[in-house]
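Single-structure report; data block below.
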Amino acid sequence: MPARTISAFCADVADTQWSRVTPIDQASPWLRASQRQISELAQLADNWDSYGSPPLQPAAIEHASEALDCLSTLQLPSPQIFPVPGGGIQLEFEKDRRELQIEFLPDGSIEYLKIASNGEMLEGSIPLSKGELRCLAYWLQGKLEDFPF
């Protein structure tokens with residue numbers, strides 16, 4: 001059976017390139033707080049974790065910020081945001097005993113981990129696209145119960 005992408009299960013979600021910028025004065029408090037936290041984390045220096053990690057890399061910062069802008073329009077809880085050793089950023093969302101972790105790697109790639117309410121886990125990688133991110137968010141919200149594990 002050929003591999004299917006997340007978008008194959010979210011045909012109703014537009015998979016367009018990033019096409020909007022939210023002026024900061026129109027951004028939700030959720031988005032403003034998250035973007036502020038990323039800006040603070042972007043100031044981390046070399047060896048911020050005392051294990052030799054480099055500072056957050058520009059591709060990780062940019063992609064995490066774009067993803068937050070995309071996801072902020074959905075009914076999601078505010079994410080927890082963490083620096084990742086090696087120069088990446090991780091967003092963690094939790095809702096109704098489901099957990100979604102999205103990691104933006106220094107090279108610009110994106111990986112995720114979904115943890116279902118029964119403890120079942122699925123990890124994978126996605127391209128930077130609104131459709132793929134929104135599919136993960138819909139799963140977190142319980143709108144995609146049939147999304148395969």
Exercise. Identify, please: which residue in segment 45-60 is within 11 Å of Pro83 (Cβ to Cβ) and under 20 Å from the mean Cα position of the chain (by Cα) and is, among those, surrounded by the most Cβ atoms within 10 Å (Cβ to Cβ)?
Worked result: Ala60
Exercise. Counting just the residues of segment 63-101 that are outside any strand (DSSP E or B), in contact (Cβ under 8 Å) with a residue 24 or more places away in the chain and among the charged types (D, E, K, R), which one comes out farthest from Pro127 (Cα to Cα)?
Worked result: Asp96
Exercise. Which of (1) out of contact with any Cys (no Cβ under 6 Å at 6 or more places or on another chain); (2) modelled with pLDDT under 95; (3) under 21 Å from Leu128 (Cβ atoms); (4) not small (Gly, Ala, Ser) does Tyr51 not meet, given it meets every other one?
Worked result: (3)
Problem set entry | Selection count where residues are in a helix (DSSP H, G or I) and small (Gly, Ala, Ser), scope segment 38-62 | 3
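The values are calculated or read from the model by the stated rules, or taken from the named source; none is laboratory data. Source: prediction; values computed, not measured. In this analysis, Cβ positions are derived from the backbone assuming ideal geometry, glycine residues included, and neighbour counts consider all displayed protein chains.
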